[in-house]
Amino acid sequence: MNKPFNCFIGRYQGNHKGHMTIFAKYLDQGEPVLIMVRDVPTDEKNPFTPDEVKFLWEKVYSEEIKNGLVKVIIIPDIASVNYGRGVGYLVSEIKVDSNIANISASEIRSKIKNNDDSWKEFVDESIHEDLEKLLMSKLLKED
């Protein structure tokens with residue numbers, strides 16, 4: 001029998017190490033993770049399409065995907081997450097240190113726009129180039 005997945009829902013408008021830290025709570029124990037990317041319209045706060053976000057996560061977790069530990073899907077945008085009684089799963093908040101909790105995708109995007117390379121410490125190296133290219137191509141379209 002396959003292990004059930006541990007679900008994470010988000011916009012992930014700049015995939016970063018804060019996200020990865022909470023995923024690692026399960027991955028480090030060999031527990032599978034399902035990354036659910038909300039299908040939100042692009043705008044200033046959401047410059048990346050769901051397909052672009054999915055692409056970035058699949059690049060970061062390519063080995064884990066091959067091993068069946070990570071799956072990335074796009075879901076419709078949601079208003080709430082609800083459950084009835086005894087549904088057979090937990091709803092858990094993962095507490096992290098403030099240095100992780102304070103990582104901001106908005107700040108990362110701002111640093112990329114301002115050619116401040118300090119954003120790179122907060123993002124997995126495998127997607128530095130892709131993240132920067134995607135964001136800069138969107139900025140060029142705005143001009």
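Observations on the model:
- Conditions (1) modelled with pLDDT of 95 or more; (2) exposed (fewer than 11 other Cβ atoms within 10 Å of the Cβ); (3) not in a helix (DSSP H, G or I); number of the one not met by Phe48: (2)
- Against the test of being assigned to a helix (DSSP H, G or I), over 11 Å from the mean Cα position of the chain (by Cα) and either surrounded by 14 or more Cβ atoms within 10 Å (Cβ to Cβ) or modelled with pLDDT under 95 (or both), the options Lys71, Lys59 yield a single qualifying residue, Lys59.
- In the stretch 74-124, residue surrounded by the fewest Cβ atoms within 10 Å (Cβ to Cβ) [restricted to those that are touching a residue at least 60 places away in the same chain (Cβ under 8 Å) and more than 17 Å from Gly18 (Cα to Cα)]: Val81
- Residue identified as under 18 Å from Tyr12 (Cα atoms), in a helix (DSSP H, G or I) and of a type in the set (Ser, Thr, Tyr) among Ser110, Ser118: Ser110
- Test: residue in the stretch 82-95 that is modelled with pLDDT of 95 or more, more than 24 Å from Lys138 (Cα to Cα) and either more than 17 Å from the chain's Cα centre (by Cα) or not β-branched (Val, Ile, Thr) (or both): no
- Residue pairs whose Cβ atoms lie under 7 Å apart, separated by 6 or more positions or on different chains, with the first residue in the stretch 18-43 and of a type in the set (Phe, Trp, Tyr) and the second outside any loop (DSSP other than H, G, I, E, B), are Phe23/Phe8; Phe23/Val33; Tyr26/Asn6; Tyr26/Val33.
- Out of Gly14, Gly10, sole residue that is modelled with pLDDT under 95 and closer than 20 Å to Asp130 by Cβ: Gly14
The values are calculated or read from the model by the stated rules, or taken from the named source; none is laboratory data. These numbers come from a predicted model, not from an experiment. Glycine also receives a Cβ, built like all others from the backbone with ideal geometry; neighbour counts cover every protein chain displayed.
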